[in-house]
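Structure, as structure tokens:
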Ligand SMILES: NC(=O)c1ccc[n+]([C@@H]2O[C@H](COP(=O)([O-])OP(=O)(O)OC[C@H]3O[C@@H](n4cnc5c(N)ncnc54)[C@H](O)[C@@H]3O)[C@@H](O)[C@H]2O)c1
């Protein structure tokens with residue numbers, strides 16, 4: 001029997017999320033009513049629902065206006081009101097007085113506690129989180145959040161409903177920021193720290209898009225969603241977890257204070273009047289030129305397969321994805337021809353032989369090669385001309401970065417993997433759901449556990465340990481789950 005067809009749904013709060021959620025239920029055949037704080041706002045919201053449906057080539061004829069008393073003959077109450085616990089608590093207390101004994105409450109909150117709402121409703125077993133992504137009519141992911149007291153049957157029913165709506169559910173325990181927004185925290189923090197440390201925003205975004213295939217770099221995305229929203233959720237994470245790794249980056253705070261909250265304000269990490277992110281990225285990315293008659297040969301402990309190259313002169317690409325040993329340094333210094341070190345390990349800063357180049361070569365999800373090229377005047381590291389020759393021969397696009405631990409891509413990717421391990425370790429979500437959440441919720445081509453499997457736990461662990469050592473900051477502290485997995489793989 002269909003769960004959605006004929007289901008009596010009341011959606012409260014007709015902001016963009018409530019309007020979209022109402023349409024999603026109506027599309028699937030539910031009997032949908034909507035309500036806002038007043039009859040006028042309810043009618044205005046309904047008019048917007050109809051207009052938005054029309055502009056998407058749909059109708060929303062089945063959606064009707066109501067007031068809160070309609071909850072008496074409702075099966076599912078969807079809270080999409082303002083993100084404020086006092087407002088939600090008052091609303092749920094009223095709903096509890098009007099509702100029948102079988103009503104299920106689904107909240108679309110992005111950050112508030114489902115358990116606390118369950119308590120306000122008076123029957124926590126019937127309150128569940130159904131976190132749709134914006135815009136609900138298009139985004140496929142829904143995080144189903146189980147509060148401390150949510151009944152198993154209600155969680156199972158919420159999952160089934162989401163599937164019937166044509167969406168993909170992932171289940172998450174009640175935990176600040178849930179899955180997607182939690183695991184992306186280090187992506188945003190590290191991107192901002194890189195800017196603080198002197199890397200241009202466009203270089204950060206170019207490296208992330210080029211190497212990891214993210215449709216939008218983290219700083220472009222932060223500017224798009226608004227730095228004030230990000231700062232608010234960072235403060236929530238810090239307060240709720242009490243872990244200094246979640247502390248907001250001072251740069252975000254100073255931009256917000258100055259009103260530079262992102263694209264809508266005309267200024268955030270980018271100055272939109274001067275140069276849009278797309279233009280900055282185009283200026284900073286070097287596309288490969290015509291290939292010279294040169295052979296690039298893979299060497300080192302992590303030598304991988306390179307495209308076939310032929311030619312007289314040989315350039316050695318020495319891959320080493322862990323801290324360099326004396327043997328690595330000797331091998332690079334003693335190689336006969338030009339050598340390019342391929343590593344993101346920050347310890348190379350101290351030992352890179354004069355004359356060697358330094359890059360980190362990535363294979364994007366589309367199998368394109370993309371390189372970060374270390375160019376750091378302060379550290380006396382300038383890419384020799386043969387680095388460009390090697391990249392031309394390999395057909396790799398590239399962007400210049402500073403000699404910071406992890407460079408850009410591994411620093412962000414490994415911190416995201418580490419956060420994903422923490423989320424699984426603490427029981428917030430499963431590995432499978434984490435990967436589904438990040439691929440559908442963020443359009444990342446590969447989820448963190450897929451990336452971990454490709455890199456190997458030992459490599460990611462070594463990288464995080466190097467960063468912990470070189471930055472001296474608990475942000476990079478490896479999850480115990482990662483340590484155990486690396487040890488297990490070694491045994
Ligand atoms: N905007 C997003 O990208 C996004 C994404 C996922 C989840 N969410 C969550 O969804 C919820 C709604 O988000 P939004 O951006 O649509 O919100 P919004 O602030 O734009 O709109 C909230 C609406 O709720 C109405 N409202 C306030 N109190 C009410 C009450 N007591 N009864 C009925 N209506 C009331 C307001 O008049 C307004 O129309 C929030 O909990 C938010 O955190 C938002």
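For the range 60-112, what class follows from the C-alpha gyration tensor (a ≥ b ≥ c being the square roots of its eigenvalues): rounded when a/c is under 1.5, otherwise prolate if a/b is larger than b/c, else oblate? Oblate, because a/c is 1.5 or more while a/b does not exceed b/c. Straightening the chain between residue 330 and residue 58 buys 91.2 nm, computed as 0.36 nm per residue apart minus the Cα-Cα spacing. Across the range 8-174, C-alpha contacts under 8 Å between residues 6 or more apart give a mean separation that, scaled by the residue count, equals a relative contact order of 19 percent.
Given only helices, namely DSSP H runs of n ≥ 4 each adding -39500 (n - 2.57), what is the per-residue ellipticity at 222 nm of the chain, to the nearest 500 deg cm²/dmol?
Result for the chain: -13500 deg cm²/dmol, rounded to the nearest 500.
Within the range 8-174, DSSP assigns beta bridges of which about 15% are antiparallel (rounded to the nearest 5). Helix 480-490 and the longest principal axis of the C-alpha atoms of the chain enclose an angle of approximately 50°. Take every pair of alpha-carbon atoms less than 8 Å apart whose residues are at least six positions apart; their mean separation over the length of the range 181-284 yields a relative contact order of 28 percent. Against the chain, whose longest principal axis is taken from its Cα atoms, helix 85-98 shows a tilt of about 30°.
Shown is the FRET efficiency for residue 292 and residue 473, computed with R0 = 45 Å from the Cβ-Cβ distance and rounded to the nearest 0.05: 0.60. Placing a label point 7 Å from the Cα of residue 235 along the Cα-to-Cβ line, the residues of the range 64-108 whose backbone N sits under 17 Å from it are 83-87. Taking the longest Cα principal axis of the chain as reference, the axis of helix 431-442 is set at about 90 degrees. Computing FRET efficiency as 1/(1 + (r/R0)^6) for residue 228 and residue 458, where r is the C-beta to C-beta distance and R0 is 41 Å, gives about 0.55. The modelled label-to-label distance for the pair residue 152/residue 377, using points 7 Å beyond Cα in the direction of Cβ, is 6.4 nm.
Give the relative contact order (percent, whole number) for the chain; include only Cα pairs under 8 Å separated by 6+ residues. Relative contact order, the chain: 11 percent. For the range 338-410, the gyration tensor built on C-alpha atoms gives an oblate shape. Its axis ratio a/c (a ≥ b ≥ c) is at least 1.5, and a/b is not larger than b/c.
For a test of the definition: using alpha carbon positions, the gyration tensor, and the 1.5 limit on a/c, classify the range 8-174 as rounded, prolate or oblate.
Oblate, since a/c reaches 1.5 and b/c is not below a/b.
The three principal axes of the C-alpha atoms in the range 181-284 carry coordinate ranges of 40, 30, 23 Å, sorted with the longest axis first. Evaluate the distance, in nm, between pseudo-label points positioned 7 Å from the Cα of residue 484 and of residue 367 along their respective Cα→Cβ axes. Placing both labels 7 Å along Cα→Cβ, they lie 3.7 nm apart.
A full extension of the chain between residue 350 and residue 197 corresponds to an added length of 53.3 nm, given 0.36 nm per residue minus the alpha carbon distance.
If R0 is 25 Å, the Cβ-Cβ spacing of residue 69 and residue 40 corresponds to a FRET efficiency of close to 0.90. Divide the volume of the convex hull around the Cα atoms of the chain by the residue count and you get 167 Å³ per residue. Taking each residue as 0.36 nm, the span from residue 84 to residue 243 lengthens on full extension beyond its C-alpha to C-alpha distance by 54.9 nm. Among 104-115, 362-373, sorting by the average number of other beta carbon atoms lying within 10 angstrom of each residue, highest first, gives 104-115, 362-373.
Read-outs: derived from the displayed coordinates by stated rules, not from any lab. Bear in mind the structure is a predicted one, so any value in this text is a computation, not a measurement. Positions of Cβ are backbone-derived with ideal geometry, glycine not excepted, and every protein chain shown enters the neighbour counts.
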